[in-house]
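**Student:** After the structure tokens below, expect a handful of questions from me.
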Amino acid sequence: MYFLRPPLPVRSSQKSLQFSRHWCRRLSQAQGRLETEDDWTNFQQTRTSLKTLTDAMSKYGSTQTSQWSLRDSLHKPAKDATLSALLASGAHFGHAASRMNPNFLPYAYGTRAGITLIDLDHTLPLLRRAAKVVRAVAANDGQIVFIGTRPDIRPVVQRAAQRLGPQGFHVGDRWLPGTLTNKWQMFGYETVRSKRIVPDLVILLNPIQNMNAIQECALSNVPTIGIVDSNVDPRIVMYPIPANDESPRTAEIIAGVLSIAAREGIAIREAEMQRMRLAVDTAWEDFEQMYEQAEQATEDGHPSNAASFDY
């Protein structure tokens with residue numbers, strides 16, 4: 001029995017060739033070992049039919065150029081946020097349009113189905129501005145506190161504070177009233193005198209539930225950064241970031257960007273300290289070398305050279 005091979009195109013795309021090879025492997029695995037001539041004939045007929053179908057249909061449809069992969073934003077956050085990442089995390093969803101704060105209007109994109117949509121074109125530059133503030137505070141040996149008192153964002157603030165080392169702290173359960181304004185009675189005189197109790201920067205992931213902390217930071221002149229939703233007045237914090245404050249993924253992205261910026265600031269400070277140590281050591285070595293030369297000149301009976309070393 002003879003089978004007519006249908007005409008095949010002269011050139012086939014790389015995608016169709018890979019598809020044909022894939023199905024050939026699948027067919028050989030499904031049919032097992034080809035032992036007789038009939039098995040080989042059936043295999044050739046099926047392979048030819050699949051290749052013909054692939055070449056005929058390859059010009060239709062779409063071509064996938066990029067592939068999205070889920071990123072572990074809690075343990076491996078991105079250095080810089082993007083609009084696509086914020087959009088995928090749901091950062092643009094606000095509260096009901098009837099609950100929108102009038103002062104939030106500059107950051108609102110519009111409403112849909114009764115829900116306020118946040119303009120991420122404002123969120124991204126404000127997030128980058130906040131990252132610059134965090135980097136500068138960390139580079140000047142500042143203490144940074146992350147506050148997130150909801151159970152779903154408690155691991156977020158914990159991981160963010162761990163990235164900063166001894167300069168990072170977090171509050172995940174509840175902000176105790178009087179932590180800053182009543183520090184003498186809460187911590188004791190010796191503790192306040194020997195340790196730094198007042199932080200240099202406070203980052204709030206759910207500011208509306210931590211108004212006591214915001215008020216105490218304002219009274220203690222502590223700058224604040226906060227995720228501000230559509231039902232919140234952006235003026236309650238010094239550096240607002242308009243975004244969905246009820247999305248854990250949004251909190252992971254923002255806290256990750258800010259914590260990495262703080263870690264960069266710490267690295268900048270350590271590099272500067274290392275450069276200063278190297279400069280001091282070099283200057284000290286030069287001083288010792290000049291002192292030895294002066295002593296050698298004195299022993300050799302050249303007082304003029306020894307006098308020139310007199311500072």
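The values are calculated or read from the model by the stated rules, or taken from the named source; none is laboratory data. In this text, all values refer to a predicted model and were calculated from it rather than measured experimentally. Cβ coordinates were reconstructed from backbone atoms using ideal geometry, including for glycine residues, and neighbour counts include every protein chain displayed. Only protein heavy atoms, including side chains, enter the accessible area calculation; ligands, DNA and RNA are left aside. Shrake-Rupley method; radii C 1.70, N 1.55, O 1.52, S 1.80 Å.
**Student:** In the stretch 161-174, what residues are of a type in the set (Lys, Arg) and within 11 Å of ALA255 (Cα to Cα)? Break it down into steps so the answer makes sense when it comes.
**Tutor:** Step one: list which residues in the stretch 161-174 are of a type in the set (Lys, Arg), which gives 163, 174.
Selection gives ARG163 alone.
**Student:** Okay, next question. Could you list, in sequence order, all residues of the stretch 253-279 that are open to solvent by 70 Å² or more (accessible area, probe 1.4 Å) and under 14 Å from the mean Cα position of the chain (by Cα)?
**Tutor:** ARG263
**Student:** Show the residue pairs that are 6+ apart or on different chains and have beta-carbon atoms under 6 Å apart, the first residue being within the stretch 155-177 and closer than 18 Å to ILE197 by Cα and open to solvent by 60 Å² or more (accessible area, probe 1.4 Å), the second being part of a helix (DSSP H, G or I) and among the aliphatic types (A, V, I, L, M).
**Tutor:** PHE169/ALA161; HIS170/VAL157; HIS170/ALA161
**Student:** Across the stretch 161-173, what is the total count of residues that are part of a helix (DSSP H, G or I) and more than 16 Å from the chain's Cα centre (by Cα)?
**Tutor:** The number of residues fulfilling the criteria is 3.
**Student:** Can you spot a residue in the stretch 143-152 that is part of a loop (DSSP other than H, G, I, E, B), open to solvent by 40 Å² or more (accessible area, probe 1.4 Å), under 20 Å from THR250 (Cα atoms) and without any contact (Cβ under 8 Å) to a residue 60 or more places away in the chain?
**Tutor:** yes
**Student:** Which condition number in (1) closer than 30 Å to LEU164 by Cβ; (2) at pLDDT below 80; (3) touching a Ser or Thr at 6+ places or on another chain (Cβ under 8 Å) is the one that SER58 fails?
**Tutor:** (1)
**Student:** Looking at this structure, is ARG196 among the basic types (Lys, Arg), over 18 Å from the mean Cα position of the chain (by Cα) and open to solvent by 50 Å² or more (accessible area, probe 1.4 Å)?
**Tutor:** Against the criterion (among the basic types (Lys, Arg), over 18 Å from the mean Cα position of the chain (by Cα) and open to solvent by 50 Å² or more (accessible area, probe 1.4 Å)), ARG196 qualifies.
**Student:** Same structure again: With the checklist (1) assigned to a loop (DSSP other than H, G, I, E, B); (2) within 15 Å of ALA255 (Cβ to Cβ); (3) of a type outside the set (A, V, I, L, M) in hand, flag the one item GLN158 doesn't pass.
**Tutor:** For GLN158, the exception is condition (1).
**Student:** Just to be sure, is ILE227 open to solvent by less than 40 Å² (accessible area, probe 1.4 Å), touching an Asp or Glu at 6+ places or on another chain (Cβ under 7 Å) and closer than 22 Å to ALA136 by Cα?
**Tutor:** Criteria met by ILE227.
**Student:** Something else: Checking the conditions here, which among SER98, SER84 is part of a helix (DSSP H, G or I), modelled with pLDDT under 95, open to solvent by 30 Å² or more (accessible area, probe 1.4 Å) and farther than 22 Å from ASN231 by Cβ?
**Tutor:** Sole residue among the options that is part of a helix (DSSP H, G or I), modelled with pLDDT under 95, open to solvent by 30 Å² or more (accessible area, probe 1.4 Å) and farther than 22 Å from ASN231 by Cβ: SER84.
**Student:** Here's a follow-up. Scanning the stretch 124-142 for residues that are open to solvent by 40 Å² or more (accessible area, probe 1.4 Å) and within 17 Å of the chain's Cα centre (by Cα), which turns out farthest from ARG196 (Cα to Cα)? Before the answer, list the steps.
**Tutor:** The initial filter retains those residues of the stretch 124-142 that are open to solvent by 40 Å² or more (accessible area, probe 1.4 Å), namely 125, 128-129, 132, 135-136, 140-141.
When the remaining residues are screened for being within 17 Å of the chain's Cα centre (by Cα), the result is 125, 128-129, 132, 135-136.
Numbers: PRO125: 32, ARG128: 28, ARG129: 26, LYS132: 23, ARG135: 20, ALA136: 19 Å.
Per the criteria, the residue is PRO125.
**Student:** Among the residues of the stretch 238-252, what is the count of those that are open to solvent by 10 Å² or more (accessible area, probe 1.4 Å) and touching a helix residue (DSSP H, G or I) at 6+ places or on another chain (Cβ under 6 Å)?
**Tutor:** Residues flagged as open to solvent by 10 Å² or more (accessible area, probe 1.4 Å) and touching a helix residue (DSSP H, G or I) at 6+ places or on another chain (Cβ under 6 Å) within the stretch 238-252 amount to 4.
**Student:** Take VAL222 and decide whether it is open to solvent by less than 70 Å² (accessible area, probe 1.4 Å), of a type in the set (A, V, I, L, M, F, W, C), in contact with a strand residue (DSSP E or B) (Cβ under 7 Å, 6 or more places away or on another chain) and within 30 Å of LYS76 (Cα to Cα).
**Tutor:** Yes, satisfied.
**Student:** On the basis of being touching a helix residue (DSSP H, G or I) at 6+ places or on another chain (Cβ under 9 Å) and either under 23 Å from ILE268 (Cβ atoms) or modelled with pLDDT under 95 (or both), does GLY188 make the cut?
**Tutor:** no
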